[in-house]
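Chemist: My questions all concern the structure below.
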Amino acid sequence: MFARDEYDWRIAKARLAMASADVDVLLVDSGELLAWLTGYTVSETMYRAAFLPRDGKPWFVLRALDEAPCREKTWIEDVVGFADVDDPCSVIAEQVRARGFAKARIGIDTHSPCHSAATHARLATECRGARIVPMPGLSDSLRWVKSAAEVAVLRQAAAIADKTMLAIAQTVRPGMTTRDATATASAMFLQEGADTGEVGPVVKASGSHEFLHGIFKTDRLEEGDILHVELIPRVGNYSARMMRPIVIGKPSLAMRETANRLIALQDRQIEAMKAGAIATDVDAILRQGALSQGLRPTYQNVTAYTLGLYTRTARSSDFSRVLLPTSNWPLEQGMVFHAYTTAAGLGFSESVLITRAGGERLTQVPREILFRE
């Protein structure tokens, strides 16, 4: 998907972090970082890892069954496959020794979702001549700032979300179900070039914001219901995200007034999402605004979180950077966030790129309650 110079930029970025930690070789096992750094990722059915030395060529160790697709996707030439009867950590240790790193300082992201305590202990035993250097959070922090090539792919995903959301809004009607709307979205994703048909929460909204992580079920939609649609299309594993409320029939005056107030607050927040702004200040625009206007009785969830590359890990969202009252760090140009807000059964969100001038919306569907004309 990406040109070699894109990977050269990523390698240089990783090696700069390695130099700061004074490590000789970096072990990469996070699904997202594997994809970002090598171009290939695979589920953790059996443990697998890539290795990037500060000097010299990298190598990849993984299940033999995955060796062929790995060679097809990665720029790494040295790919080692092991049989299912082999112990992955033992093979990894053998390869570390064979390449002259038996006594090296090995950097490992101990916060990687794929790096369990048991795996860490096993690697420490197998590589006992080497020194393991914890580099917690590296798998996420290396990827916070997106390149122009990554943003271009996110724009593709955002365009799929836009087209799909409008299609649902124009087809949904009384008597249809949440399953019907989800099927429309899933088919549209695949037709428009998304990686999969995985849609996101499509549920009947109720209450204030409790529906956000509602369990998918087949609910019949009637006049006056609010269909909450969150779309999460991925292109090359890069996910754009967007939420809109779709009213069955026409929205009431009260709904419109609430939506206008909520959108105005979020517009101010997005405008403030510029490079150098402190995250907690940006968060307060929406959080304190919604509370002071009585739109929400409480506001306990984040108002934005990191967007980018997602693979087969235990998490469906990346919360390594979020907007909260405790987020005392600056926004950086090239970061991308899923900015979202909800109140009175209405949810709005955008994929937002951080620029020097402010937040740029990658998703472009009109910021209003949607309904079938």
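The values are calculated or read from the model by the stated rules, or taken from the named source; none is laboratory data. Keep in mind it's a predicted model, so treat the numbers as computed, not measured. For neighbour counting, all protein chains shown are included, and Cβ atoms are generated from backbone atoms with ideal geometry for every residue, glycine included. Remember, those area values only see protein heavy atoms, side chains included, never the ligands or the DNA or RNA. Shrake-Rupley method; radii C 1.70, N 1.55, O 1.52, S 1.80 Å.
Chemist: So SER349 ticks every box in (1) in contact (Cβ under 8 Å) with a residue 12 or more places away in the chain; (2) closer than 29 Å to ALA254 by Cα; (3) open to solvent by 60 Å² or more (accessible area, probe 1.4 Å) but one. Which box is left unticked?
Modeler: Status for SER349: all satisfied but (3).
Chemist: Consider CYS127 against the criteria (1) closer than 19 Å to GLY31 by Cα; (2) more than 28 Å from the chain's Cα centre (by Cα); (3) not basic (Lys, Arg): it satisfies all of them except one. Which criterion is unmet?
Modeler: (1)
Chemist: Now for a different question. Only residues that are farther than 27 Å from ARG315 by Cβ, part of a strand (DSSP E or B) and open to solvent by 40 Å² or more (accessible area, probe 1.4 Å): list them for the stretch 220-274, please.
Modeler: Selection gives ARG220, LYS274.
Chemist: List, please: which pairs have Cβ atoms under 7 Å, are six or more places apart or on different chains, and start with a residue in the stretch 56-68 that is over 17 Å from ARG99 (Cα atoms) and part of a strand (DSSP E or B) and end with one that is of a type in the set (Lys, Arg) and open to solvent by less than 30 Å² (accessible area, probe 1.4 Å)?
Modeler: Sorted first by the residue in the stretch 56-68, then by its partner, the pairs are ARG63/ARG48.
Chemist: With the condition being open to solvent by less than 20 Å² (accessible area, probe 1.4 Å), I'd like the helices (runs of 4 or more DSSP H) fully within the stretch 135-218 carrying at least 3 qualifying residues. Even if it seems obvious, please write down each step before you answer.
Modeler: Details: elements: 138-141, 148-171, 178-192.
Hits in the stretch 135-218: 148-171, 178-192.
Chemist: Next question, about the same structure. Within the stretch 311-346, which residues are open to solvent by less than 10 Å² (accessible area, probe 1.4 Å) and either aromatic (Phe, Trp, Tyr) or out of contact with any helix residue (DSSP H, G or I) (no Cβ under 8 Å at 6 or more places or on another chain) (or both)?
Modeler: If the condition is that a residue be open to solvent by less than 10 Å² (accessible area, probe 1.4 Å) and either aromatic (Phe, Trp, Tyr) or out of contact with any helix residue (DSSP H, G or I) (no Cβ under 8 Å at 6 or more places or on another chain) (or both), then MET335, PHE337, HIS338 are the ones that fit.
Chemist: Sticking with this one: Does at least one position in the stretch 70-86 carry a residue that is in a helix (DSSP H, G or I), surrounded by 14 or more Cβ atoms within 10 Å (Cβ to Cβ) and touching a strand residue (DSSP E or B) at 6+ places or on another chain (Cβ under 8 Å)?
Modeler: Scanning the stretch 70-86, I find at least one residue that is in a helix (DSSP H, G or I), surrounded by 14 or more Cβ atoms within 10 Å (Cβ to Cβ) and touching a strand residue (DSSP E or B) at 6+ places or on another chain (Cβ under 8 Å), so the answer is yes.
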